[in-house]
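First comes the structure, then the notes that go with it.
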Amino acid sequence: MGMDFHSNKNRFTYTTRTADRSWIMTVRQLAPVENVLKAVDIGCGGGIYSKALADMGIDSVTGIDFSEKILEGAKENCKEYQNISLRHGSAYGTEVNSNDCDLVLERALIHHLDDLLNCFKEAYRILKDGGYFIVQDRTPEDCLLKGSDHHIRGYLFELFPRLIDKEVSRRYPSPFVLETLKKVGFKKIEEVKLWETRKAYQTKDQLLEDLRERTGRSILHELDDNELRMFINHVDQSLSSNANIMEKDRWTIWKAVK
């Protein structure tokens, strides 16, 4: 089935969270954000991380996404931020001027792409010399960790092992990401792992409702309605707590410098 990123009903699916402090601290450790004047968030979705960059003190943030419907949600989500601009574009053609920005962020983007080389070439083009490139995504190893009270996503593949091949096939192994960054010309490349808090739920029912709406989880669009009900029931029975659920996802982050 898959998620339709151009559907009107999905325009707010990536607007319902705020970036967690764990993410903000990690980015600050990887890049001198206090010296960044202009940042570009490619694949900005609903603007969650564009807002985070602006809140970190960056003067100008440009969010770019290929879905005009998703951008409608981002504009609503970011309407209080005068220093965030949003535009339609792709990872291969941002229409940003060359040597224009100090930082490029691509979070949860590259698993949607089939041409990593040209994606990274575009980021290299728009960065100033000495600019920072931050790529965040899951590797195949990140995806297949077991389910737990924190790692809700893991339960999905336990219940529906047919999705394992689907998930792994769209994820880039870390050695390939590192090799491609070097091929493009990036240097000072680092890799870190992050258990990022996705969202805190006061009750289990809040989490189950989030799952029921498929909020911000494109993989759940691979399930039909009956399978989704099965998954929600499985999560309901698997969690040991009914309250104060802290959902986390395991990510790999690559930092590189132009």
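The values are calculated or read from the model by the stated rules, or taken from the named source; none is laboratory data. Worth saying up front: this structure is predicted, and the values here are computed from it rather than measured. Here Cβ is always computed from backbone atoms with ideal geometry, including for glycine, and neighbour counts include all displayed protein chains.
Do we find a residue being more than 23 Å from GLY89 (Cβ to Cβ), small (Gly, Ala, Ser) and out of contact with any strand residue (DSSP E or B) (no Cβ under 6 Å at 6 or more places or on another chain) anywhere in segment 34-51?
Quick first cut of segment 34-51, residues more than 23 Å from GLY89 (Cβ to Cβ) only: 34-35.
Going one step further and asking which of them are small (Gly, Ala, Ser), we end up with none.
Scanning segment 34-51 turns up no residue that is more than 23 Å from GLY89 (Cβ to Cβ), small (Gly, Ala, Ser) and out of contact with any strand residue (DSSP E or B) (no Cβ under 6 Å at 6 or more places or on another chain).
Determine which member of the set HIS112, HIS88 is at pLDDT below 95 and either among the hydroxyl-bearing types (Ser, Thr, Tyr) or surrounded by fewer than 22 Cβ atoms within 10 Å (Cβ to Cβ) (or both). Full working, then the answer.
Working: HIS88 fails: at pLDDT below 95.
Just one listed residue meets the conditions, HIS112.
Taking into account only those residues within segment 124-140 that are of a type outside the set (Val, Ile, Thr) and out of contact with any helix residue (DSSP H, G or I) (no Cβ under 8 Å at 6 or more places or on another chain), which is nearest to PRO175 (Cα to Cα)? Quick ask: steps written out before the conclusion?
Taking segment 124-140 as the starting set, the residues that turn out to be of a type outside the set (Val, Ile, Thr) are 124-125, 127-133, 136-138, 140.
Within this subset, residues satisfying the condition of being out of contact with any helix residue (DSSP H, G or I) (no Cβ under 8 Å at 6 or more places or on another chain) are 125, 127-131, 136.
Numbers: ARG125: 23, LEU127: 23, LYS128: 25, ASP129: 24, GLY130: 23, GLY131: 22, GLN136: 14 Å.
Applying the filter and picking the extreme gives GLN136.
Might you let me know whether segment 6-23 holds any residue that is loosely packed, with under 13 Cβ neighbours inside 10 Å, over 20 Å from TRP254 (Cβ atoms), at pLDDT 90 or above and in contact with a His (Cβ under 7 Å, 6 or more places away or on another chain)?
no
When you scan segment 127-162, how many residues do you find that are of a type in the set (A, V, I, L, M, F, W, C), in a helix (DSSP H, G or I) and closer than 26 Å to MET25 by Cβ? I'd like the intermediate steps shown before the answer.
The first filter runs over segment 127-162 and keeps only residues of a type in the set (A, V, I, L, M, F, W, C), leaving 127, 133-135, 143-145, 152, 156-157, 159-160.
Right, trim to in a helix (DSSP H, G or I) and you get 143, 156-157, 159.
Imposing the further condition that a residue be closer than 26 Å to MET25 by Cβ reduces the set to 143.
Of the residues in that region, 1 qualify.
Residues checked against (1) in contact with a helix residue (DSSP H, G or I) (Cβ under 7 Å, 6 or more places away or on another chain); (2) more than 30 Å from PHE176 (Cβ to Cβ); (3) assigned to a loop (DSSP other than H, G, I, E, B); (4) of a type in the set (S, T, N, Q):
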residue	(1), (2), (3), (4)
ARG214	yes, no, yes, no
LEU220	yes, no, no, no
ASN226	no, yes, no, yes
ARG229	no, yes, no, no
HIS234	yes, yes, no, no
GLN237	no, yes, no, yes
SER240	no, yes, yes, yes
ILE245	yes, yes, no, no
ARG250	yes, no, no, no
